[in-house]
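The values are calculated or read from the model by the stated rules, or taken from the named source; none is laboratory data. In this text, all values refer to a predicted model and were calculated from it rather than measured experimentally. Cβ: placed from backbone, ideal geometry, glycine included. Neighbour counts: every protein chain shown. Quick note on the areas: whole protein, heavy atoms, side chains included, nothing else; ligands and nucleic acids left out. Shrake-Rupley method; radii C 1.70, N 1.55, O 1.52, S 1.80 Å.
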Amino acid sequence: MAEIVQQRIEDRIPELEQLERVGLFTKKEVKSIIKRVTALEYKLHRLIINKEDFIAYIQYEINVLELIKKRRAHIHYQFKREEIEYPIIHRINSIFKRATNKWKDDVQLWLSHVAFCKKWVCKDLSISMLAIHPDKPALWIMGAKSELEDRNSSESARHLFLRALRFHPNNKKVYQEVKDMELVSIKQTEHKPGEYEFSPEILSGKLAEVVYKDATGKIKEAGFVISLLNIAAIFDFTKDLQDSILQDLQTNYTDDSATWDFMAKRELEAPGAGEELQTAKGRASDINRREERCCQVYEEGVKSLNTEPMWTCYVAFLLERMKRKTNVQELKEKRQERLLGVLQRAHDCALLKEDYYKNWLQILLSSGDAEGATSVAMAATQLYSQSVTMWSLSLQTLMELGNRDIGRFFQDALTHINPKESLPLWQLQFEWSKANQSPEETEAILKVVPAVCSCYSLWHFELCIFFILQENRPLSKAFFTRMIQIEKEQENPKMNNLRDYYERVLQEFGTSDDDLWLQYIQEELGPLGQPENCGKIHWRAMKFLEGDSVERFISKYTLLQTGHL
């Protein structure tokens, strides 16, 4: 091994001498490089080799290359590249090859090699990489785009894409990239005539159309067709292709909500009246007309396709439009009116997505429609009677409205919800009871919950209640002691939580209760604590304790130190 390493170091001598001779490195720096690379070479020739050692060696050599580049720029010396940089680049390539041969499945290692080759203008490795990793579409795309963008070879890129489609005949991303490449090739030919020699079929966009037909023959999804149409729309010479795709979409994909959603939103792009756009009110009127046209398409969609995804597209569009800022009150009101109407109709069809009830209730509450909000809240819980989220949302709405029957609704909610999931509702009821009922009634809730929510540990519930109550003063020492006990009973108690509880109880009782300070110190001396914190706690205790508690603390602390406590 030593002979091999020595030979490799000797092979570097000419380039190192050149570095010193031309003034890019000093003699001391050259010696440092020899020392460092010797250590790195020995690591690569051990019986058990690590990938990290190869990476470290490669990174060191790249750092040397970068430093040479900077120093060349600094002293304006641009000669002897064959004697200096080329051997280093060749050596890095060799180390990369050894690493990728050893760890063939490491895609990141291959990508790092490819990136290095691109930067330092050496042979591209995409083909070799793809021979080992043909199952990764992203690598095929990367290799083809490299051929197109870095080597300016659309033919090579096309060849790689066609091979990719043989391995991945149903991959949407590959088809999208192929179509994009074909259209880019035509664009380049238009801008730089004479530089590219393509067949008439390619130049007329026929090949892009063939790609489209092949793709949609294998992947019959409206969303995929729309993505191909969006690619075509980037280029101003694809009107015929766009019309063909649009016709295909309207003929063969009307059973997909994505088609109706796309077609509806296209109405926003319709040109407006020039004169009308001169004033804010005129622009608002034009926007309103466009949105009306969108709604007409959505209406056709829900008639043809009365499904939750279709209603979801409709509601999502109207919600997005309503969130847009405008100073024209008439447009605001019209948008809200449309949205509320569609929300109600989707709900009546039992096809309104659960998430949108929150938006609905927020709109009703903000507009002061208490009766409407109450009605929606109650109806939502009937439709989603086993949803904790829906019950929580509806109960919070009724609490905000001060509904007199809220207690009955809490009971109704708890009868429908699985006890394993009911803790949030008990917590919500506790908050309401604390604000609206007697202490005895609130306490009764705390006694019932652990028995009902048997799936929850007592700790889980009490900890929740602790965070609810923590700002309510005064709290008893027993309360904090219980919290400390609960934490210590956990399978993996956390010392940070214990410290937090001790700090809180000492804020309340730290001036008179010497035992609390002593317990805190003992906790830090235990297996979870940090003994070095004991000195600070002792100093604080002496500062905060008052009267006889100081003497008692000193006496007990002395016994603790001598092991008699």
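Filter the cross-link list Lys27/Lys102; Lys31/Lys97; Lys35/Lys70; Lys323/Lys420; Lys434/Lys477 down to pairs whose alpha-carbon distance in this structure exceeds 30 Å.
Numbers: Lys27/Lys102 36 Å; Lys31/Lys97 27 Å; Lys35/Lys70 22 Å; Lys323/Lys420 37 Å; Lys434/Lys477 21 Å.
Pairs exceeding the cut-off: Lys27/Lys102; Lys323/Lys420.
Name the trypsin sites (Lys or Arg not before Pro) in the stretch 263-364 that are in a loop by DSSP and that have at most 12 other C-beta atoms within 10 Å, would you? Kindly include the intermediate steps, with their values, before the conclusion.
Details: sites: Lys265, Arg266, Lys281, Arg283, Arg289, Arg290, Arg293, Lys303, Arg321, Lys323, Arg324, Lys325, Lys332, Lys334, Arg335, Arg338, Arg345, Lys353, Lys358; in loops: Lys323, Arg324, Lys325, Lys353.
Of the trypsin sites (Lys or Arg not before Pro), the ones in loops of the stretch 263-364 whose Cβ has at most 12 other Cβ atoms within 10 Å are Lys323, Arg324, Lys325.
Suppose we look only past 21 Å in the calculated P(r) of the stretch 1-123. What percent of the Cα-Cα pairs does that tail hold?
41
Calculate the spin-label point distance for Lys35 paired with Arg71, positioning each point 7 Å from the Cα along the beta-carbon direction, and give it in nanometres.
The two pseudo-label positions are separated by 1.6 nm.
Name the residues of the stretch 314-354 whose amide N is less than 20 Å from a point 7 angstrom out from the Cα of Thr389 along the C-beta direction?
314-320, 343-344, 346-354
Just read off the accessible area of Lys69 with the full protein assembly in place, 1.4 Å probe, to the nearest 10 Å².
110
Would you list Trp110, Trp260, Trp539 from the most to the least accessible area, probe 1.4 Å?
Descending order: Trp539, Trp260, Trp110.
To the nearest 10 square angstrom, what accessible area does Asp240 show with a 1.4 Å probe?
Asp240 exposes around 130 Å² with every protein chain in place.
Just read off the accessible area of His347 with the full protein assembly in place, 1.4 Å probe, to the nearest 10 Å².
His347 exposes around 30 Å² with every protein chain in place.
How big is the C-alpha Rg of the stretch 252-411 next to the rule-of-thumb value 2.2 N^0.38 Å, as a ratio?
On the way: Rg = 17.9 Å, N = 160, 2.2 N^0.38 = 15.1 Å.
After normalising by residue count via 2.2 N^0.38 Å, the value is 1.18.
Where does each of Ile34, Ile48 land when they are ordered by accessible area, with a 1.4 Å probe and the largest first? Walk me through the numbers before you get to the answer.
Values: Ile34 50, Ile48 135 Å².
Largest accessible area first, the residues go Ile48, Ile34.
Restricting to Cα pairs below 8 Å that are 6+ residues apart, what does the relative contact order work out to for the stretch 1-123? Please round to a whole percent. Intermediate values should be presented prior to the final figure.
On the way: 60 pairs, mean separation 31.5, N = 123.
Across the stretch 1-123, relative contact order equals 26 percent.
How much accessible area per residue does the stretch 1-123 have, counting only protein heavy atoms and a probe of 1.4 Å, in square angstrom? Provide the component values of the computation, followed by the final result.
Values: 7500 Å² over 123 residues.
Accessible surface, normalised per residue, equals 61 Å².
For Thr312, Thr251, give the ranking by accessible area with the largest first, probe 1.4 Å.
Details: Thr312 25, Thr251 85 Å².
Largest accessible area first, the list is Thr251, Thr312.
Only loop residues by DSSP count here, and only those with at most 11 other Cβ atoms within 10 Å; note down the trypsin sites (Lys or Arg not before Pro) in the stretch 22-63 that meet that. Walk me through the numbers before you get to the answer.
On the way: sites: Lys27, Lys28, Lys31, Lys35, Arg36, Lys43, Arg46, Lys51; in loops: Arg46.
Counting only loop positions with at most 11 other Cβ atoms within 10 Å, the trypsin sites (Lys or Arg not before Pro) in the stretch 22-63 are Arg46.
Only four residue types carry charge here, +1 at the Cβ of Lys and Arg and -1 at the Cβ of Asp and Glu. Report the dipole size of the stretch 215-357 about the Cα centre in Debye, rounded to the nearest 20.
Numbers: 21 positive and 25 negative charges, 92 e Å.
The dipole of the stretch 215-357 has a size of about 440 debye.
For the stretch 354-430, what does the equivalent ellipsoid look like in terms of its semi-axes, each the square root of 5 times an eigenvalue of the Cα gyration tensor, given largest first in whole Å?
20, 13, 10
Counting other Cβ atoms within 10 Å, which chymotrypsin sites (Phe, Trp or Tyr not before Pro) in the stretch 371-448 have at most 10 and lie in a DSSP loop? Each step should come with its number before you reach the end.
On the way: sites: Tyr384, Trp391, Phe409, Phe410, Trp426, Phe430, Trp432; in loops: Tyr384.
Passing both the DSSP loop test and the Cβ count: no residue.
When the Debye formula is applied to the Cα atoms of the stretch 473-562, each taken as the same point scatterer, what base-10 log of I(q)/I(0) results at q = 0.13, 0.15, 0.21, 0.23 Å⁻¹?
-0.41, -0.55, -1.06, -1.22
Which value, in Å³ per residue, describes the convex hull spanned by the Cα atoms of the stretch 296-385?
On the way: hull volume 8.1 nm³, N = 90.
So the per-residue hull volume is 90 Å³.
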